[in-house]
1. Of the residues Asn137, Asn143, only one is free of Cβ contacts under 8 Å to residues at least 40 places away in the same chain, of a type in the set (S, T, N, Q) and within 18 Å of Glu82 (Cα to Cα); which?
2. Which residues, counting only those in segment 102-114, are part of a strand (DSSP E or B) and among the hydrophobic types (A, V, I, L, M, F, W, C)?
3. Considering each of Thr91, Thr85 in turn, give the residue that is among the β-branched types (Val, Ile, Thr), under 25 Å from Asn143 (Cα atoms), surrounded by fewer than 20 Cβ atoms within 10 Å (Cβ to Cβ) and touching a Pro at 6+ places or on another chain (Cβ under 9 Å).
4. Residues of segment 69-101 being without any contact (Cβ under 8 Å) to a residue 60 or more places away in the chain, among the β-branched types (Val, Ile, Thr) and either assigned to a strand (DSSP E or B) or farther than 12 Å from Gly58 by Cα (or both), which ones?
5. Residues that are hydrophobic (A, V, I, L, M, F, W, C) and closer than 20 Å to Ala122 by Cα: does segment 183-190 have at least one?
6. How do the strands (runs of 3 or more DSSP E) wholly within segment 1-54 filter down when requiring 2 or more residues that are of a type outside the set (D, E, K, R) and surrounded by fewer than 14 Cβ atoms within 10 Å (Cβ to Cβ): which remain?
7. Which residues, taken from segment 150-161, are among the aliphatic types (A, V, I, L, M) and either without any contact (Cβ under 8 Å) to a residue 24 or more places away in the chain or surrounded by 15 or more Cβ atoms within 10 Å (Cβ to Cβ) (or both)?
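The values are calculated or read from the model by the stated rules, or taken from the named source; none is laboratory data. This is a predicted model, so every value here is computed, not measured. FYI the Cβ positions are ideal-geometry reconstructions off the backbone, even for glycines, and counts take in every protein chain you see.
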Amino acid sequence: MPSPSPGNAFNDLNGVRVVSASDAWAVGDYANGGTSKKTLILHWDGAAWKQVISPSPGGSGNDNYLFAAAATSAHDVWAVGEIVTSTGIRTLILRWNGSKWARVASPDPGGPAKDNRLNAVAVTSTSGAWAVGSYENGTGQRNIVLHWDGRRWVHVATPGLGTSNGLSGVAATSASTVWAVGFFGTTVPLQALALHCC
């Protein structure tokens, strides 16, 4: 299907979420020559894909990426990714409320000077969502699991298996049935990792 490509140097879509036959979202990033990367969000209205204005909070010289999207309805959509700055990488979470996209504050478990990224998101209700990824803690890579309780995103402790671990996907059927997948290990080859909550 034809889709907008607003950047003259780079356009990339990394995740998609379908709400209905006439309501779908695709997320990624784009850049014009020599400029920083900005968030890219496209919406399918049943007839065509159109770009929707979305925050790129990294500011000039910083890159913004979106990797995944999830939704409970046409008025409640989430997108997650990262903000890359000269001093570190921070988590990025955006939310659609039915009329506009806005950034929602999210924890950086590794600290603002370390690499913090979110790779996937799952939503069970307006007061229940999960985002997963990884962060650097100075000695290795560690899992990130964040939970939305209806008011804020909270970092949730997870098993730290091996010296390196990370999460790349999450799915949920209810508030009490959540799965996250990724990898762990201390040496190559790394091992498959599956976590279950709650």
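1. Working: Asn143 fails: free of Cβ contacts under 8 Å to residues at least 40 places away in the same chain.
Result of the check over Asn137, Asn143: Asn137.
2. Step one: of segment 102-114, the residues part of a strand (DSSP E or B) are 102-103.
Passing the criteria: only Ala102.
3. Working: Thr91 fails: surrounded by fewer than 20 Cβ atoms within 10 Å (Cβ to Cβ).
Result: Thr85 is the single residue among Thr91, Thr85 that is among the β-branched types (Val, Ile, Thr), under 25 Å from Asn143 (Cα atoms), surrounded by fewer than 20 Cβ atoms within 10 Å (Cβ to Cβ) and touching a Pro at 6+ places or on another chain (Cβ under 9 Å).
4. Selection gives Thr72, Val80, Ile83, Val84, Ile89, Thr91.
5. Let us first name the residues in segment 183-190 that are hydrophobic (A, V, I, L, M, F, W, C), namely 183-184, 188, 190.
Filter once more, keeping what is closer than 20 Å to Ala122 by Cα: 183.
Yes, segment 183-190 contains a residue that is hydrophobic (A, V, I, L, M, F, W, C) and closer than 20 Å to Ala122 by Cα.
6. Details: elements: 10-20, 23-31, 38-44, 49-51.
Where strands (runs of 3 or more DSSP E) fall fully within segment 1-54 and carry at least 2 residues being of a type outside the set (D, E, K, R) and surrounded by fewer than 14 Cβ atoms within 10 Å (Cβ to Cβ), they are 10-20.
7. At the first step, the residues of segment 150-161 found to be among the aliphatic types (A, V, I, L, M) are 154, 156-157, 161.
If the condition is that a residue be among the aliphatic types (A, V, I, L, M) and either without any contact (Cβ under 8 Å) to a residue 24 or more places away in the chain or surrounded by 15 or more Cβ atoms within 10 Å (Cβ to Cβ) (or both), then Val156, Ala157, Leu161 are the ones that fit.
Residue-wise test of (1) surrounded by fewer than 22 Cβ atoms within 10 Å (Cβ to Cβ); (2) out of contact with any Ser or Thr (no Cβ under 9 Å at 6 or more places or on another chain); (3) of a type in the set (Lys, Arg); (4) farther than 23 Å from Phe183 by Cβ.
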position: Arg117; (1), (2), (3), (4): no, no, yes, no
position: Gly128; (1), (2), (3), (4): yes, no, no, yes
position: Gly133; (1), (2), (3), (4): no, no, no, no
position: Ile144; (1), (2), (3), (4): no, no, no, no
